[in-house]
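Working notes, structure below.
The values are calculated or read from the model by the stated rules, or taken from the named source; none is laboratory data. Just so we're clear, the structure is a prediction, and the values are computed from it rather than from any experiment. Every residue, glycine among them, receives a Cβ derived from its backbone with ideal geometry; neighbour counts consider all protein chains shown. Only protein heavy atoms, including side chains, enter the accessible area calculation; ligands, DNA and RNA are left aside. Shrake-Rupley method; radii C 1.70, N 1.55, O 1.52, S 1.80 Å.
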Amino acid sequence: ESTTVQELSLKMHKGPAELIKKLLSMGVMVTINQEIDTDTALILAEEYGYEVEIKLPVDLEAQLMQEPEEDSALLQTRPCVVTVMGHVDHGKTSLLDAIRETNVTATEAGGITQHIGAYQVEHNGKKITFVDTPGHEAFTAMRARGAQVTDIAILVVAADDGVMPQTIEAINHSKDAKVPIIVAINKIDKPGANPDRVKQELTEHGLVAEEWGGDTICVNVSAIKREGLTDLLEMILLVAEVSELKANQNRPARGTVIEAELDKARGPVANVLVQNGSLNIGDTIIAGAALGRVRAMMDDKGRRIKKAGPSTPVEVIGFSDVPLAGDIFMAVEDEKLARTIVARRQTKKREEELKTTTRVSLEDLFKHIQEGQIKELGIIVKADVQGSVEALRQALERLNTGEVKVNIIHGGVGAISETDIMFASASNAIIIGFNVRPDVNARKAAESEKVDVRLYRVIYDAIEDVKAAMSGLLDPEY
Ligand code: GDP
């Protein structure tokens, strides 16, 4: 533990020059930003009659996990990271393929396209990183693990089909994650294409097109005919510029595992996205409870690379175990520390598997409210018809109290799906089903993610339960 003259000066309300002079008289020569050890600081504080409280050493892991405070002078613009979302068959995969194929620069043309979970293209000299697992399932699963990789969401809506259930889900996911949305109205080559109808439908979900006085950028594209792609890239760069995305490429890397698997020949292979710093061959890395040392790296064009900077997707070989998608990874300079942390995480993981994790549920909601742990109750509403979704939404939102706000983060028609569970898990929300049930996968997921799913046949009962839970009057379930 150490401190600087500057910090001491602030704490002791004494000018730094005076402190430096005092230290000099004690035979310690320092400058204002120089670290001084605890003992010296103690003696100095006592000289001025301060009582000193010695803090316990901070948890090294907590310190490591914390996003470092960056000196703004060291930050440089980094490429934006884009995720494509939207309803099934609206053209997410086609769009990702079209962008990739039409934007391979001459120098890269010889390279073999590799699937490493994300790829980078260049437009007007600027790079854009696309996560190439389309759909919000991946997005949500990652968020459930605390990872936030997306800077911009591209919402693909087929011009001949319009806004569909998964379109709405994607909008809600993006809003919940506070990620800006650009709408790509796809399949405009089709005879039945009606972009205006899409825009009209989007307004019902809070996305008003720019040309209609709103602030949502909409671009007409055809993934098949390769039309509008340049416009789309331009808009992405525009939004990225406004977002002022920065990173420091000269620090140890940190980022997120996008995918990982056990390769028979190569051992654990992880596709990671570097989000800050640079990852180098030889770096000691940790991701979740997996430890490793980077033996080899490959980029999305199949080239072996030695260094990967911010927003670069890269395939990493050298992990001892397979990490999980959504795990935060980081390079750790102190290998001993890395080993200690991973060992501790493995123990913790085993412990956690044994005991149930704390999740919000109606059962213990009141306790959490009282303890000040919960200020907002997130709810996902699923019902058999849209009318019931709306009725529930309105009635539930009316239950807001001074202590806790009810927030309907998503409402939809149909059975409770695995995606709903992952969404609830990511947002620490509960699920209320009205005249619907969870499917098999959802039931399994709810169990493993410990998501509270409540099923009702009477709207009044649902409202009463939530109301009772908020005021601590819910009867325990038997
Ligand atoms: P995803 O499920 O959202 O990934 O959708 P896909 O990319 O798999 O596309 C679904 C279908 O729509 C495929 O048959 C595509 O060929 C077709 N499709 C995608 N984009 C376009 C387009 O711009 N125009 C037309 N006419 N068809 C498209």
The stretch 406-450 versus the stretch 234-257: alpha-carbon centroid distance in Å
32
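Longer than 30 Å from Cα to Cα, which of K178/K382; K175/K246; K349/K405; K22/K336; K127/K225; K92/K199 are they? Say none if no pair is.
Working: K178/K382 22 Å; K175/K246 22 Å; K349/K405 32 Å; K22/K336 38 Å; K127/K225 23 Å; K92/K199 18 Å.
In this structure, K349/K405; K22/K336 exceed 30 Å between Cα atoms.
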Three-way shape call for the stretch 380-446 based on the alpha-carbon gyration tensor, with the a/c threshold at 1.5:
oblate
Would you kindly find the accessible area of I36, with a 1.4 Å probe and non-protein molecules such as ligands, DNA and RNA excluded, rounding to the nearest 10 Å²?
10
Filter the cross-link list K126/K190; K126/K301; K348/K450 down to pairs whose alpha-carbon distance in this structure exceeds 27 Å.
K126/K190
Candidates per trypsin sites (Lys or Arg not before Pro) in the stretch 151-220, loop by DSSP, up to 13 other Cβ within 10 Å
K178
Check the straight Cα-Cα distances from K187 and name the aspartates and glutamates below 14 Å, setting aside those fewer than 8 residues away within the same chain.
D89, D160, D161, D196, E227
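For the stretch 246-327, count the residues as N, evaluate 2.2 N^0.38 Å, and divide the Cα radius of gyration by that value, please.
On the way: Rg = 11.3 Å, N = 82, 2.2 N^0.38 = 11.7 Å.
Against the compact-globule rule of thumb, the ratio is 0.96.
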List the lysines whose Cα lies under 18 Å from the Cα of K21, skipping any in the same chain that are fewer than 8 positions away.
K11
Do any GluC sites (Glu not before Pro) in the stretch 357-463 lie in a DSSP loop with no more than 10 other beta carbon atoms within 10 Å, and if so, which?
E371
Using only alpha carbon pairs under 8 Å that are at least six residues apart, calculate the relative contact order of the stretch 383-446 and give it in whole percent.
37
The relative contact order of the chain, taking Cα pairs under 8 Å that sit 6 or more residues apart, comes to a percentage of 12
Output for the stretch 150-216: GluC sites (Glu not before Pro) sitting in coil per DSSP, at most 12 other Cβ within 10 Å, listed by number, reads E204
Where the centroid of each part is defined by its Cα atoms, how far is the stretch 282-306 from the stretch 1-49 in Å?
43
Can you bin the chain into rounded, prolate or oblate? Criterion: square roots of the alpha carbon gyration tensor eigenvalues sorted a ≥ b ≥ c, rounded for a/c under 1.5, prolate for a/b above b/c, oblate for the rest.
oblate
